[in-house]
Amino acid sequence: MSERKRLLVIDDDPDFVEGIQSILEGAGYAVDAEYNPDDGFKALQTYPPDLLLLDIRMGRGAEGIALARKLRKDPELREIPVLIITGIREQIAFLFPGEPVHPRFVAVDELVEKPVEPEFLLERVSALLEAAEARKAQAV
């Protein structure tokens, strides 16, 4: 990696965050973490990352969804790719036929379920970063 990509993890589970950070930093990424949506949004505004890894269930409910929607409405932040990593997909029976996430649910780039295998995580992170770079190149 010529330039270290900055990733932001927003998840209220410190053990999960520590594990994800270790995997991502071991692959050469610079990783910041926040443990609630409010601090996470402030971090997004202060130091926009190259990729956001976001949990859905934080605090009193699905606050990650609200954060993802807020992000997509912000003209400065809407292009940041979002990878949702959650353990609730089966619990509430999300049905996204043919798509990682149904667009009317929340505009994110991909959703994966916890626990996530390290190789799969790194593969998805790399693919989302490459896709974001390609979008930037086309926009120029």
Relative pair counts by distance (%), Cα atoms of the range 42-82, 5 Å bins: 6, 23, 34, 24, 11, 2
Charge sum, other residues only, whose C-beta stays under 12 Å from residue 28's C-beta, Lys/Arg counted +1 and Asp/Glu -1: +1
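Compute the Rg to Rh ratio over the range 18-68 from the alpha carbon atoms, using the Kirkwood formula for Rh, and round to two decimal places.
We get a ratio of 0.98 for the range 18-68.
Give the calculated FRET efficiency between residue 126 and residue 78 to the nearest 0.05, with a Förster radius of 22 Å applied to their Cβ-Cβ distance. Mind showing how you got there, number by number?
Working: r = 22 Å, r/R0 = 0.98.
Computed FRET efficiency for residue 126 and residue 78: 0.55.
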If amide hydrogens are placed 1.01 Å from N in the peptide plane, which non-local residues have theirs closer than 5 Å to the one on residue 33? 9
Tell me the net charge near residue 133. Cut-off is 10 Å between Cβ atoms, residue 133 excluded, with +1 for each Lys or Arg and -1 for each Asp or Glu. +1
Burial ranking of peptide ranges 47-58, 23-34 (average Cβ count within 10 Å, highest at the top): 47-58, 23-34
Counting other Cβ atoms within 10 Å, keep those with at most 13, restrict to DSSP loop, and tell me which trypsin sites (Lys or Arg not before Pro) in the range 1-46 are left. 4
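Could you tell me the calculated FRET efficiency between residue 133 and residue 15, based on Cβ-Cβ distance and R0 = 25 angstrom, to the nearest 0.05?
For residue 133 and residue 15, the calculated efficiency is 0.20.
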Cross-link list 114/136; 73/114; 5/136: which exceed 22 angstrom alpha carbon to alpha carbon? 114/136; 73/114
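Read the figures in this text as sums done on the coordinates, not as results from a lab. This is a predicted model, so every value here is computed, not measured. Positions of Cβ are generated from backbone atoms using ideal geometry, with glycine treated the same way; all protein chains shown enter the neighbour counts.
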